[in-house]
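Participant: Questions regarding the structure given below will be posed in turn.
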Amino acid sequence: MPEFKIQHITKYTYDGPVRDSANQIILYPIQDEFQEVVRHDIKISGDPFVDVFVDYYGNEVGTFTYVASHTKLEISSTILVNTKHRMYPVDDMFADQQWSDLKRLNYQVSFIDFLRQEYFDGLNELQDIIKSQYIHNETPYQMAMRFCKYVYENFDYIKGVTTVETTLDEIWKIKAGVCQDFAHILMEMLRLVNIPARYVSGYICTSKATMRGEGATHAWAEAYIPNYGWLGLDPTNNIIANENHVRLAVGRNFTDCSPVKGVYKGAAGHTLEVAVSVGNPEDEHLEEYEHDVHHHDAPIPKPANVPKNSYRQYMEMIQQQQQQQQ
């Protein structure tokens, strides 16, 4: 049974004094038969009272307000968690029966949100791709795995070309992004064929930094498989999410699972820094894999100085390269 010690630090530095910083945090790991939280410590600047509740999707959510004037806000979350390997699905039913079982979920309230597709300009193109790759008698599990591989092979993992506000249209046009974007595309594909899909935020933890998404908050998707339940699929790495994936929250999309977000009164300009460290429980000092400024899974509280859209920057870079080649 793997055991991981994870530290997640979010730090805001403001250009001037601010006050009444109201924040929401979803930094409480899911606890179930596959994930046991041994210890969890959260420290916040000013030591405000954190009110914790459970949202519609079963996630623990904390809210707090830092009323006093301040120029910095730091949120430090340290967890010690045990994870357990879960068995993979066994296709012991006829494919037709499984698809019939999924069809009945259209009328169950708990699945409706995870079947709703998001419209975007590339939707028809994506539908055509799915139809062209149709395989007779393929089970939902087999199709979900194939879709995961498709996203992994057809989208480039590039940091900085997207933000939390990047739309599916933009992701589809540039065929690039990070784990959050890969998860959203995979969920769209799954929902198009009537497989319920939900977004998962968390961390990926291995002994060496060999996986995309390590040393930062990570994201993947879960597909609902008949007679099995929710199966985690990590299209960023083309693997099934298992004991090396630590789950924080699930929801319809990133917005439902954002680790930290909030608003405040005062100076508009500020800097956001996010650092995630993963290590073994006996480590006195965690190994910091990444220190990321303006991290993709930690949206900046508003008001804020808004930089040029990174998608546009990416397209401008491509256009400049094309002009140089002419």
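Coordinate-derived values only; no laboratory data. All values reported here derive from a predicted model rather than from experimental measurement. Reconstructed Cβ throughout: ideal geometry from the backbone, glycine too, with neighbour counts over all protein chains shown.
Participant: Taking every Cα atom in the stretch 129-201, find the radius of gyration and the maximum pairwise distance Dmax, and write them in Å.
Facilitator: Expressed in Å, the Cα Rg and Dmax of the stretch 129-201 come to 12.6, 40.
Participant: Tally Lys and Arg at +1 and Asp and Glu at -1 over the other residues with C-beta under 12 Å from the C-beta of Y134: what net charge comes out?
Facilitator: 0
Participant: Calculate one ³J(HN,Hα) per residue across the stretch 76-93 by plugging θ = phi - 60° into the Karplus curve 6.51 cos²θ - 1.76 cosθ + 1.60, and present them in order as whole Hz with x for glycine and proline.
Facilitator: Those phi angles translate into 10, 10, 10, 10, 10, 9, 9, 10, 10, 5, 10, 5, 7, x, 10, 7, 10, 10 Hz.
Participant: Filter K84/K131; K43/K159; K173/K261; K84/K159 down to the pairs with a C-alpha to C-alpha distance above 32 Å, please.
Facilitator: Distance filter (> 32 Å) returns K84/K131.
Participant: Sort 168-178, 93-103, 185-195 for me by packing, meaning the mean count of neighbouring Cβ atoms within 10 Å per residue, highest on top.
Facilitator: Listed from highest to lowest mean packing, they are 185-195, 168-178, 93-103.
Participant: Between beta-carbons, use under 12 Å as the cut-off and find the net charge around V81, counting Lys and Arg +1, Asp and Glu -1.
Facilitator: 0
Participant: Just to be sure I understand: if I project the alpha-carbon convex hull of the stretch 211-272 onto a plane and average over all orientations, what area do I get in nm²?
Facilitator: If you wrap the Cα atoms of the stretch 211-272 in a convex hull and average its projections, you get 6.0 nm².
Participant: Moving on to the next point. Could you size up the charge dipole of the stretch 95-253 around its Cα centre, putting +1 on the beta carbon of Lys and Arg and -1 on that of Asp and Glu, and report it in debye to the nearest 20?
Facilitator: For this selection, approximately 280 debye.
Participant: How much net charge surrounds K11 when only other residues with a Cβ under 9 Å from its Cβ are counted (Lys, Arg +1; Asp, Glu -1)?
Facilitator: Taking every other residue near K11 into account, the sum is -1.
Participant: May I pose another question? Within the stretch 25-96, report the GluC sites (Glu not before Pro) that DSSP leaves as loop and that have at most 14 other Cβ atoms within 10 Å.
Facilitator: E33
Participant: Considering just Cα atoms, how many Å³ per residue does the convex hull of the stretch 95-253 enclose?
Facilitator: About 111 Å³ per residue, rounded to a whole number.
Participant: Another one. Using each residue's phi in the stretch 154-163, evaluate 6.51 cos²θ - 1.76 cosθ + 1.60 at θ = phi - 60° and report the 3J(HN,Hα) Karplus result to the nearest Hz, with x for Gly and Pro.
Facilitator: 10, 10, 8, 8, 9, 6, x, 8, 9, 10
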